[in-house]
Every structure is written in C-alpha cells, then in structure tokens.
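Student: Right, I'll just put the structure down here and ask away after.
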Amino acid sequence: MDIVIIGGGIAAANAARELRDRGHEDGIVVLAAEPHVPYERPPLSKGILLGDATPESAHVMEQDWYDANDVDLRTGTEATSIDLDRRQVHAGAESVPYDRLLLATGATPRHLPDLDDADVPVTYLRTVDDSVALKRSLSGTVLVVGAGWIGLEVAAAARLAGADVTVVDPAEQPLLAALGPELGARFADLHREHGVDLRLGTSVESAAGGTVRLSDGHEVTPDLVVVGIGAVPDDRLGREAGLAVDNGILVDSTLRTSDPYVFAVGDVANHDHPVLGRRIRVEHWDTAQHQGRAAARAMLGEDEPYTRLPYFFTDQYDMGMEYVGSVGPDGPDEVVVRGKDLVSGLTVLWAQGGSVVAGMQANDWDATDTIRALVGKPVPARFGDTGVPLADLVTED
C-alpha cells in the first residue's frame, strides 16, 4: 500500500514517522512545496524571531531520518492536482500514484489589499524564510496589523528588539474572538506596559508615500508593516479534485475526507469532532501534530475517532500561556478567573451550561494537566478560591 503525503509541516512529518513506527513497510512519498525538510511553525513567531532558536531547530526530523527510513521526501516539489479516479497526484509533469493520500497543506495568510500599493515593506509571516527575513527587519518603527496570536507575538519580539511598535486592530480588545473581552483586556494591558502603541477599534484607512493613515486619524510612517489578520485553509487541491470543502476540507471523526482513500489533517481539515459534537478547524501546532499521527493509523486501518481537545500556547515577554478546549461559536455562559494577572499567574475556565468547555493558564505551568482534566466536567464551586490546590478541584462534582 503506497502512501503519498502532501505537505511540509509538522503534520506531514509526524504522519510519516507514525507510519514507519507502526510497521508500514511500503512506499511513502512526501511532497513538500518549500525547499526545506518539514518543520514546526511555532518557532517562526517565537524562538526564531527572539533570536533564541535557529531555523534548523524547527525541523521535525532531519534529512537523515527520511533516508534511513526509506521515506521519499521531495522538497521544493509542489503538488499541482489530484486525480481521485486514478489515484494519482500530479506534481508538474510527474504523476505519483497512491493507495492512500494525506493532505496536510496547511493554510495561507489572509492578505490586506489596502496595503498592496504601500511605499513601505509589507510582510506576512508563514514560512521559515519569512521568519528569518522578519528577524533581520525588526528595528525602527514597526506597524503590526492584527492583534491576534501572530500579531501580538511579533509585537513582543519587535519591542524586545528595541523597535517602536504600533498595533492596530478593529476589535475592541486583542484576541477577542479567542478569549473574550476580559482576557483580551489583560493582554492589552500587558502590551501597553511594554510600550506598544495599541490602537483598538481602528483599521488601516489608506497608505501612500510611505505613510499609513489609520481610521482614527493617526498616521504612522513605518520602516516595516507586518500583517497578521488570520489565515485561510489551503484547500485548493482538494476543492479542485472534487472533495467536499467548507472552510477547509471536510473530514469525519477519523479524519477521512469524502473520498475513502483520502485523509486531511491540520490547518486544512474541518474535523467532525466527536467530543465537541460539532465541526472545528484548528490552526495550531498540537492539532497538526496529533492529527498527523492519528491519520497515519487510520490509513493503516485503525479507524479510531480523533478525540483530542484543541490545545495551543503563546509566549509574550515574560508571560507564557497554554489553552485547552474550545468555547465554540456561541461563546461561554460564564468565565471564571483564578489569580491576579497574566505575569504573576492566572488560571481561567470558560463554561457553557455549567460545564467547562475550555481553560487556560498563564505562568502557572503545573496547572495545564489539571485544566485539561476539568474540561467536560462541571465548574468547580471553589475554583476562584486560591487557598484550594488546583488539582484538588478535579474530583469535585
């Protein structure tokens, strides 16, 4: 059974490794469009930008692993189309046959047309080459468009590099969709305390002659503009081949697409999550990693549903945060906060119908496993009582 994997990220690499670890001895071809061995993306906006990590440290496995395990890794090779009937992937003039196919094509940055004609360098952060180039440019005046995870991590790295930083976002608070207004306000305070000119409820109005005018009338003449306004799933191959697509490639609980021989994982997959009871597309490292492994097992006939809850983390200044679960489109009924602030230590639960649907910790690294255990259970009555050890609350009804 020959398996083809399209993608050059952590999902593709983990799928290949899981296949070999599970004893799959037949052919594995990995088609990676970038000229690099598959790598992890979190360091792009964290360690590499901060100067704490090299691009090579982001590699999931080195080339030697692919060679030793007889995995045909083809870097700089872009898959151009898929023939579902013939079970072939076309990469330019070459056709690669498959018995099982895994799509791990990720996502692409959402662009901001208002800056297309700006007389100033405009960059988007998605690839390791983007990150290396951005690291060299974090000086002078930096305008960050978007106060989501990428935007705030870039802002933190820029401030630590000594740049003057302005962040603009049309929302009332940073991370509003992900964390809600109360936690968003705390992230706003964190960045303002570090000297970021954070302009919320504001957008880019125009750009001309090297000057960017904002909707609040403020003008910035930046040396660099970094746009981080979200991403869209790179589902073109699946869509053009005829797979079911809706905000990503639709997959069932086992990560199988509408074609029984094709699977999809990571940023591109819109997954029918059996625990959450709804579809969800997650753009985070942990999901890509674990879905890659799960899809490998499914391709080998182990049709177990993928049940892992979404998880992500961020590092900004002297604050680190981890988040488990998913609030969902309707938002929470209740938000319960335990602790003082993001830097001194904080744990938060989001609840719907009296049950915990998500939780996070900031600078409280022993709390993550406990938070994960609380998701799906009733909100502990004494969660806000800092005198009660957090782990003791897991057993409460």
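The values are calculated or read from the model by the stated rules, or taken from the named source; none is laboratory data. Quick caveat: nothing in here was measured; it's all calculated off a predicted structure. We place every Cβ from the backbone using ideal geometry, glycine too, and count neighbours over all the protein chains shown.
Student: Select from segment 135-149 the residues that are at pLDDT 95 or above and either part of a strand (DSSP E or B) or of a type in the set (A, V, I, L, M) (or both) and list them in ascending order.
Tutor: Thr141, Val142, Leu143, Val144, Val145, Ala147, listed by residue number.
Student: Quick one: count up the residues across segment 350-388 that are in contact with a Lys or Arg (Cβ under 6 Å, 6 or more places away or on another chain) and of a type in the set (Phe, Trp, Tyr).
Tutor: Residues meeting the conditions: 1.
Student: Report whether or not Leu183 is in the same structural domain as Val89 (by TED's automatic domain parsing) and closer than 21 Å to Pro310 by Cβ.
Tutor: Against the criterion (in the same structural domain as Val89 (by TED's automatic domain parsing) and closer than 21 Å to Pro310 by Cβ), Leu183 does not qualify.
Student: Something else now. Exactly one of these conditions fails for Asp341: (1) closer than 14 Å to Phe313 by Cβ; (2) acidic (Asp, Glu); (3) in contact with a helix residue (DSSP H, G or I) (Cβ under 7 Å, 6 or more places away or on another chain). Give me its number.
Tutor: (1)
Student: Now for a different question. For segment 76-92: of the residues being part of a loop (DSSP other than H, G, I, E, B) and among the small types (Gly, Ala, Ser), which is surrounded by the fewest Cβ atoms within 10 Å (Cβ to Cβ)?
Tutor: Top of the filtered list is Gly92.
Student: May I pose another question? So which residues in segment 259-281 are in a loop (DSSP other than H, G, I, E, B), surrounded by 17 or more Cβ atoms within 10 Å (Cβ to Cβ) and at pLDDT 95 or above?
Tutor: Selection gives Asp259, Val265, Arg281.
Student: Given the conditions (1) touching a strand residue (DSSP E or B) at 6+ places or on another chain (Cβ under 6 Å); (2) under 24 Å from Ala15 (Cβ atoms); (3) outside the structural domain of Glu40 (by TED's automatic domain parsing); (4) not aromatic (Phe, Trp, Tyr), report the number of the one that Leu102 does not fulfil.
Tutor: All conditions pass for Leu102, except number (3).
Student: Grab the strands (runs of 3 or more DSSP E) fully contained in segment 319-397, keeping just those with 1 or more residues being in contact (Cβ under 8 Å) with a residue 24 or more places away in the chain and of a type in the set (D, E, K, R).
Tutor: Passing ranges, in order: 319-325, 334-341.
Student: Output the residues belonging to segment 336-346 that are within 21 Å of Ala391 (Cβ to Cβ) and touching a strand residue (DSSP E or B) at 6+ places or on another chain (Cβ under 8 Å).
Tutor: Matches in segment 336-346: Val336, Val337, Arg338, Gly339, Lys340, Gly345, Leu346.
Student: Turning to a different aspect of this structure: Please verify whether segment 12-34 includes one or more residues that are buried (at least 16 other Cβ atoms within 10 Å of the Cβ) and at positive phi.
Tutor: So far as segment 12-34 goes, no, none of its residues is buried (at least 16 other Cβ atoms within 10 Å of the Cβ) and at positive phi.
Student: Kindly indicate the residue of segment 93-114 that is assigned to a loop (DSSP other than H, G, I, E, B) and at pLDDT 95 or above and also surrounded by the most Cβ atoms within 10 Å (Cβ to Cβ) among those meeting that condition.
Tutor: Ala104
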